Amino acid sequence: MLTFLKKIRWYFRKHKLKLLIILASALILNILEILPPLLIGKTIDLITEGSMTIDSMKMIIGIFFSAILLIYILTYISTYYIMQSGYDIDAILRKRLVRKYLAMSPSFYERNSTGDLMARITNDLRSVTMGTTFGIITIIDTLIYGTIILVTMMIVVNPVLTIIALLPLPLLIVTEVKIGKKIMEHHMKAQESFGKMNNNVLEVVEGVRVTRSYVQENPEYNRFKSMTSNYIDRIMKVAKLEALFEPITTLVVATSFIISFIAGAFFINNGTITLGEFITFNIYLNMMIWPMFAFGIMLDTTERGRASLNRIEDLLNEEDDVLVSGESVQNNNISFDDYSFTYPTSSRENLKGIVLELKKGETLGIVGKTGSGKTTFIKQFLKYYSEGNGQFIIDGKPIRNINKKELRDLIGYVPQENFLFSKTVRENILFGKENATEEELQRAIQNSALVNDLNNMKHGLETKVGEKGIALSGGQKQRISIARSLIKDPEILILDDALSAVDANTEQHIIDALKKTRKDKTTIIITHRLSAVEHADQIIVIDDGAIVQSGTHKELIETDGWYKTQHEYFKHGGENVEPT
């Protein structure tokens with residue numbers, strides 16, 4: 001409980017007035033709630049003594065209804081501010097998580113599955129919100145409300161009777177604290193299981209076409225069924241522990257009432273207390289049921305909230321592998337000197353001894369077998385991972401010293417996976433430059449050979465592309481992705497096999513547009529079609545992470561090697577792939 005409160009104290013430090021209102025209204029509210037039982041006991045004693053008058057009855061009724069009205073108002077105020085605080089904390093943590101997700105490098109996503117990341121921003125945040133809202137409410141009811149009732153019972157009625165009646169209470173506290181710790185432990189495991197199940201759902205939905213084509217519906221269903229059963233088993237362990245709170249509380253309260261009646265009868269017979277005081281005492285004892293029960297709820301919600309907040313903080317505290325801050329870049333001259341790189345999860349070097357000079361305004365073509373390391377090479381420009389060994393210099397500065405955001409602002413990147421947002425064609429293109437003019441938009445469309453496709457779409461630029469562009473063909477998605485990069489007019493344009501889904505004429509149109517519009521800017525083209533890089537200032541052939549050939553198109557076709565073999569194979573009508 002205290003640990004959870006410490007973890008969210010950063011919020012109330014910034015909102016001290018809100019905390020003061022919550023505590024003040026709760027304190028006054030709980031003091032007012034002890035008045036009705038006191039008035040009832042006083043009324044019974046006045047009636048028993050025969051001293052009840054009309055005036056005293058009016059005064060008691062007036063005080064009673066005034067207290068009820070104030071209780072209603074203060075309950076609304078305290079509940080409103082508590083709930084607002086809970087949802088504020090939820091919103092703040094949600095924004096922090098999204099910012100973290102947007103800022104982290106690919107290695108972060110290699111360590112954390114998408115399903116688990118989704119679970120932390122949904123299920124875990126929900127538990128934190130519950131811990132903050134109902135947790136604080138029950139903490140107030142347990143500590144403030146329970147303490148006020150206890151003190152009133154001792155002062156107004158009888159301290160000895162109070163102590164005797166509440167003898168079972170320590171047993172309840174010890175038992176529920178132990179149960180609360182077990183709940184936290186099992187809740188953590190349940191949330192981890194939910195993350196795995198969530199990830200499986202994402203895979204099923206995204207891979208439904210592959211699943212159907214291989215007739216794997218039943219195995220996939222059985223796999224998900226097994227994961228669901230595992231999650232249910234773990235969450236039921238939490239439910240079983242939670243279910244213990246109410247019967248334990250009921251048992252303790254029942255025991256307290258039995259003790260109260262036995263001891264109370266003895267005190268009435270001795271004249272230590274009056275009948276009205278005994279009735280008031282039992283009403284207060286009945287009111288103590290909620291603080292006792294709330295203690296269990298408080299432990300449950302705060303321990304759940306603490307477990308989930310720990311999982312969220314684990315993500316928020318993760319450090320990015322790549323240095324964010326650094327120097328600016330201007331000239332964009334690029335050089336590699338004996339540069340090697342290994343992925344964090346790899347057991348071998350993925351790039352080996354790269355040596356390359358690329359001046360501003362030049363076009364670099366990158367070719368090679370599938371899986372040879374072409375994409376790994378261009379990922380170095382995007383500063384996705386920590387720098388490898390050797391020298392990788394841009395504008396005379398090691399890439400490790402360059403500001404990551406400024407570097408990426410200079411780059412337009414069209415990856416192999418053409419991801420489109422569930423928006424219109426226009427919105428997807430303008431994602432590259434939100435404030436682009438209509439002229440810039442039309443130029444990007446023209447240069448990416450998207451004009452004819454838009455003319456055939458019923459709503460043109462306002463056509464909804466569907467989730468991840470499902471309503472479009474592969475070629476259309478590629479060209480929209482290219483347009484998105486071209487509208488940015490970046491200093492460095494990287495096309496990673498971005499022309500694989502277009503025909504030869506469309507490819508030539510796009511290449512001609514690139515040659516015309518990017519004379520003074522650097523362009524890097526990865527391709528399996530040699531025709532896409534024939535115009536390049538230099539071409540490199542990568543094999544097993546190393547540059548095995550380099551030169552212009554003319555130089556390479558005159559030199560024995562992979563490039564010449566591919567060129568001859570394609571020239572004689574073969575597909576432009578590695579010949580078998």
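The values are calculated or read from the model by the stated rules, or taken from the named source; none is laboratory data. What you see is a predicted model, and the numbers here were worked out from it, not measured in a lab. We place every Cβ from the backbone using ideal geometry, glycine too, and count neighbours over all the protein chains shown.
Some observations on this one:
- So Ala501, is it aliphatic (A, V, I, L, M), over 23 Å from Thr559 (Cβ atoms), in contact with a helix residue (DSSP H, G or I) (Cβ under 6 Å, 6 or more places away or on another chain) and surrounded by fewer than 17 Cβ atoms within 10 Å (Cβ to Cβ): yes
- Exactly one residue out of Ser85, Ser78 is among the hydroxyl-bearing types (Ser, Thr, Tyr), in contact with a Lys or Arg (Cβ under 8 Å, 6 or more places away or on another chain), assigned by TED's automatic domain parsing to the domain that holds Ala24 and touching a residue at least 12 places away in the same chain (Cβ under 8 Å), and it is Ser85.
- Taking the listed residues Asn401, Asn333, the one that is within 31 Å of the chain's Cα centre (by Cα), polar (S, T, N, Q) and not assigned by TED's automatic domain parsing to the domain that holds Tyr109 is Asn401, with no other qualifying.
- Among the residues of the range 186-239, those that are among the basic types (Lys, Arg), under 21 Å from Met118 (Cα atoms) and surrounded by 13 or more Cβ atoms within 10 Å (Cβ to Cβ) comprise Lys189, Lys196, Arg223, Arg234.
- Flag if Lys42 is at pLDDT below 85 and part of a helix (DSSP H, G or I): yes
- Among the residues listed as Glu327, Glu357, the single one being more than 30 Å from Phe4 (Cα to Cα) and either modelled with pLDDT under 85 or of a type in the set (S, T, N, Q) (or both): Glu327
- Test: residue in the range 403-424 that is in contact with a Pro (Cβ under 7 Å, 6 or more places away or on another chain) and of a type in the set (A, V, I, L, M): yes
- Residue satisfying condition, being without any contact (Cβ under 8 Å) to a residue 12 or more places away in the chain and under 30 Å from Pro247 (Cα atoms), within set Val128, Val151, Val157: Val151
- Selection of the range 274-302 for residues being buried (at least 23 other Cβ atoms within 10 Å of the Cβ), modelled with pLDDT of 80 or more and either closer than 29 Å to Ser193 by Cβ or among the β-branched types (Val, Ile, Thr) (or both) yields Thr280, Thr301, Thr302.
- Restricting Ile312, Ile334 to residues that are over 30 Å from Ile183 (Cα atoms), crowded, with 16+ Cβ neighbours inside 10 Å and in contact (Cβ under 8 Å) with a residue 60 or more places away in the chain narrows the list to Ile334.
- When Asp520, Asp512 are checked against the criterion of being surrounded by fewer than 24 Cβ atoms within 10 Å (Cβ to Cβ), acidic (Asp, Glu) and touching a residue at least 12 places away in the same chain (Cβ under 8 Å), a single residue qualifies: Asp520.
- Condition check for Tyr76: under 31 Å from the mean Cα position of the chain (by Cα) and either surrounded by fewer than 12 Cβ atoms within 10 Å (Cβ to Cβ) or of a type outside the set (A, V, I, L, M) (or both): no
- Unique match (being of a type in the set (A, V, I, L, M) and either in contact with a Phe, Trp or Tyr (Cβ under 8 Å, 6 or more places away or on another chain) or more than 30 Å from Ser308 (Cα to Cα) (or both)) among Ile248, Ile232, Ile268: Ile268
- Tabulated pairs, the range 551-566, first under 14 Å from Gly368 (Cα atoms), second among the aromatic types (Phe, Trp, Tyr), C-beta under 6 angstrom, 6+ apart or interchain: Leu556/Tyr563
- First in the range 180-207 and closer than 20 Å to Arg306 by Cα, second anywhere and among the polar types (S, T, N, Q) and assigned to a helix (DSSP H, G or I), Cβ under 6 Å, 6 or more apart: Ser193/Asn230; Phe194/Asn123
So that you can scan it fast, the table gives a plain yes or no per residue for (1) part of a strand (DSSP E or B); (2) aromatic (Phe, Trp, Tyr); (3) out of contact with any strand residue (DSSP E or B) (no Cβ under 9 Å at 6 or more places or on another chain):
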{"site": "Arg348", "(1), (2), (3)": "no, no, yes"}
{"site": "Ile354", "(1), (2), (3)": "yes, no, no"}
{"site": "Glu357", "(1), (2), (3)": "yes, no, no"}
{"site": "Lys360", "(1), (2), (3)": "no, no, no"}
{"site": "Ile366", "(1), (2), (3)": "yes, no, no"}
{"site": "Thr370", "(1), (2), (3)": "no, no, yes"}
{"site": "Lys383", "(1), (2), (3)": "no, no, no"}
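- Test: residue in the range 91-111 that is surrounded by fewer than 18 Cβ atoms within 10 Å (Cβ to Cβ), basic (Lys, Arg) and either under 28 Å from Thr147 (Cα atoms) or at pLDDT below 85 (or both): yes
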